[in-house]
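Quick note: the coordinates plus some simple rules give every number you see, no bench work behind them. Every value quoted in this text rests on a predicted model; they were computed, and no experiment measured them. Methodologically, a virtual Cβ is constructed for each residue, glycine included, from the backbone with ideal geometry; neighbour enumeration extends over all protein chains shown.
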Amino acid sequence: MTYMAPEIKEGLIYDGKQTDVFSVGVILFIIVMGIFPFKEAKKDEYFFALLHNKKYEKYWRKVGGEGLSDDFKDLMVKIFNYEGKCRPTIEDIKKHPWLNNPKYDMKSTRASLLKRQLEKKSEKTVESTSDGTTTDV
């Protein structure tokens, strides 16, 4: 249910491309943040209401996204627009600065991700030992 655009949840006539952009935004948010952006795309749902009411700083603080780039935040806010006709098209998204001006170093980002993955694997290995002893990974 979380992936559904507001117009689908409300049973309104909708444009499939606009609702797909919304769903892709949810998936992109999950990939970047590791959490859902909101429970449901309804005006009365706490996190979605923060976006709908343009309380962006509070929203990003509540979801732990203060350190995200302004370009990423801008893209997400546009994609999560309550009005489907106001959401960016796929072409707009392809041209968005977040996709075209990466502010990261590929090698260091990859190394950091691999390190975190190994740390998590190590934590799971330690947690899974039944006698409380640790094992090397």
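If the cut-off is a Cα-Cα distance under 15 Å, which aspartates and glutamates reach Lys78, setting aside same-chain residues fewer than 8 apart in sequence?
Here the aspartates and glutamates satisfying the reach criterion relative to Lys78 are Asp20, Glu57, Asp70, Glu91, Asp92.
Show the residues, 5+ positions off or on another chain, whose built amide H is closer than 5 Å to the amide H of Arg87.
none
Fully extended, how many nm does the chain gain between Glu83 and Lys55 (0.36 nm per residue separation, minus their Cα-Cα distance)? Working shown, then result.
Details: separation 28, 0.36 × 28 = 10.08 nm, distance 1.67 nm.
Stretched fully, the Glu83-Lys55 segment lengthens by 8.4 nm.
Within the chain, which whole H helices from DSSP have a Cα span along their axis of at least 15 Å and a mean Kyte-Doolittle hydropathy of -1.0 or more, if any?
Qualifying helices, which must be both long enough and hydrophobic enough, are 16-33.
Find the relative contact order for the chain and round it to a whole percent, using C-alpha pairs within less than 8 Å whose residues are 6+ positions apart.
20 percent
Efficiency by 1/(1 + (r/R0)^6): what FRET value for Lys42 and Lys94, r their Cβ-Cβ distance, R0 = 30 Å, to the nearest 0.05?
The formula returns an efficiency of 0.55 here.
Farthest toward the dipole's positive end in the range 6-102, which of Ala49, Ser23, Gly11, given Cβ charges of +1 (Lys, Arg) and -1 (Asp, Glu) about the Cα centre?
Ala49
Given a cut-off of 17 Å, what percent of all Cα-Cα pairs of the range 6-102 lie beyond it?
Tail fraction, whole percent: 48.
Each residue of the range 80-96 in turn: what ³J(HN,Hα) in whole Hz from Karplus with 6.51, -1.76, 1.60 and θ = phi - 60°, glycine and Pro shown as x?
Along the range 80-96, the couplings run 8, 4, 4, 8, x, 5, 9, 6, x, 7, 4, 4, 4, 5, 4, 8, 5 Hz.
Of Lys54/Lys103; Lys103/Lys124; Lys17/Lys115, which sit over 29 Å apart, Cα to Cα? Please report the intermediate quantities before stating the final value.
On the way: Lys54/Lys103 26 Å; Lys103/Lys124 32 Å; Lys17/Lys115 38 Å.
In this structure, Lys103/Lys124; Lys17/Lys115 lie more than 29 Å apart at Cα.
Quick one: dipole size for the chain, taken about the Cα centre, charges +1 on Lys/Arg Cβ and -1 on Asp/Glu Cβ, in debye to the nearest 20.
Approximately 260 debye in magnitude.
For the range 60-100, which GluC sites (Glu not before Pro) are both in a DSSP coil and crowded by at most 12 other Cβ atoms within 10 Å?
Within the range 60-100, the qualifying GluC sites (Glu not before Pro) (loop, at most 12 other Cβ atoms within 10 Å) are Glu66, Glu83.
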